[in-house]
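Report on the following structure.
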């Protein structure tokens, strides 16, 4: 109960929410617009048309090729992550529909070992890309990862190249790819498939960088700006196309998918039909916009 | 199909000290660097400078050389030997400009039909505020993607330290080689120790756990072949080390040159597609 309470308390403004409110608000703080992390399962519910999700390659599991032991053996870490999350690894892939358009969908989960990319994440991403090529439908990915999984050593590093090879398949087949970057997307995931979307969409306030601010500070002793690596800073420097509040994410992805597919434009369907929920979304949207405005104002001051 | 059993044979052999010894040799201050090799391998070499957008990154050397009778595009990380040059070369840690310069030369090679040879020797991409703002992640990703799709033969060889995405950025190739005393790893042992043990002083234990040696990388099917070095290591005899590296590159070029471009790209993708260990 305490854990839920802590998880549902806004770190920016201190507002508390009940779990049902969090789900209804897409885990965005209705007061200040802070975007809380979203698990892969919940993200799929938020993005995909109801009942359209069909998971692929769900039985893939990591092994321990290096017999890696740090302060705990790697298999033990995997087991506790499985128990805590109910997932087999840090990504879910499958087929879905968004606004009635079929897509291949790959969604990472930061709660599974920090969303780290090992052999399973690389393989599942590749299969999602293959599905997209085979069925000639766009690929949409949602990244949330601390980077490569150190416990798989150089094999984890190579998953960067593996996912890049998957993107090369998409490009050769002229299949569009939309990359959504959630908080945080850093290290090996930031520097591989996540950076290669034909359109790159970021969530407000997400940390998107190759090296994290702590490493930069320690290694270079440089002054690290307050907005270092944030989505807003990346947008200003030209590395992401759009920053989209979560409440608009589904519609925005659907619009982009429709446009990249070259067919008729996406016709907005009501996101949440009941009036109470719509009012909540309206408040949330105002909050998110206010947060972005504040960030921009901070930038201007600097 | 990769399975759990596939790496059963990969057992800890010898003491943990082996890995650390490899790390020390790979970082040896007298070890030949990219330009040491290029000076010996090429009858002529013109270094190209600048990414045509932002600046020139001395941590990456790129250019066209004449290697055993044919033009080859060479790209490699460059470290410095004395303090002044080390600082100038930024300890071999590239910024996005370096990767963009590399991409410029990859594109040129693809267009004119020259093979690409890359030499890997870096502690990692530079973790600086400016480097991030100028797009370090995107540069590393796009450099890999460009190598993945090139129509010409690509050979990569780790000649010293191959650490993290900063190394892999120029490590996508048809054939990936490692010199006998080089290392290839997802993160430096110090970085790994700082994160997993919360103590950079545990680098030796991290090195043992990461298994970055050429033998381990060959067993994990991350590299295709190991290039021998003179007895004791490449730093003992630069000329002989260059000759051995040149022979290895030459043999790979002959082999790759015989394949049609479309098939090479397909096989290159398949090569990276196969890497990994999991059960299903």
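Coordinate-derived values only; no laboratory data. Small disclaimer: the values here were computed from a predicted structure and weren't measured. Virtual Cβ from ideal backbone geometry, glycine too; neighbours counted across all protein chains shown.
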Could you list A:21, B:161 in order of exposure, starting from the residue whose Cβ has the fewest other Cβ atoms within 10 Å? A:21, B:161
So the FRET efficiency between residue B:263 and residue A:6, C-beta based with R0 = 60 Å and rounded to 0.05, is 0.60
Going by average Cβ density within 10 Å per residue, which order do the peptides A:103-110, A:198-205 take, highest to lowest? A:103-110, A:198-205
For the range A:152-198 and the range B:93-162, write down the distance between their C-alpha centroids in whole Å. 16 Å
How large, in Å, is the protein assembly as shown by the Kirkwood hydrodynamic radius built from its alpha-carbon pairs? 24.4 Å
Could you tell me how far the Cα centroid of the range A:73-97 sits from the Cα centroid of the range A:16-51, in Å? 20 Å
Within the range B:15-273, what percent of beta bridges assigned by DSSP are antiparallel, to the nearest 5? 40 percent
Can you bin the range B:199-274 into rounded, prolate or oblate? Criterion: square roots of the alpha carbon gyration tensor eigenvalues sorted a ≥ b ≥ c, rounded for a/c under 1.5, prolate for a/b above b/c, oblate for the rest. oblate
What's the FRET efficiency of residue B:48 with residue A:18 using the Cβ-Cβ distance as r and R₀ = 56 Å, to the nearest 0.05? 0.35
What distance in nm separates the simple spin-label points at residue B:204 and residue A:61, each placed 7 Å from Cα in the Cβ direction? 3.6 nm
A:85, B:34 arranged by Cβ crowding within 10 Å, fewest neighbours leading: A:85, B:34
Antiparallel versus total DSSP beta bridges in the range B:130-280: what percent is that, nearest 5? 10 percent
Provide, in order from the shortest bin, the percent of all Cα-Cα pairs of the range B:15-273 in each 5 Å bin, continuing until the bin that contains the maximum pair distance. 1, 7, 14, 19, 21, 18, 12, 6, 2, 0, 0
Note on chain A, DSSP bridge orientation, antiparallel percent to nearest 5 equals 45 percent
Output the peptides B:126-133, A:128-135, B:44-51 sorted from most to least packed, where packing is the average of other Cβ atoms within 10 Å over each peptide's residues. B:126-133, A:128-135, B:44-51
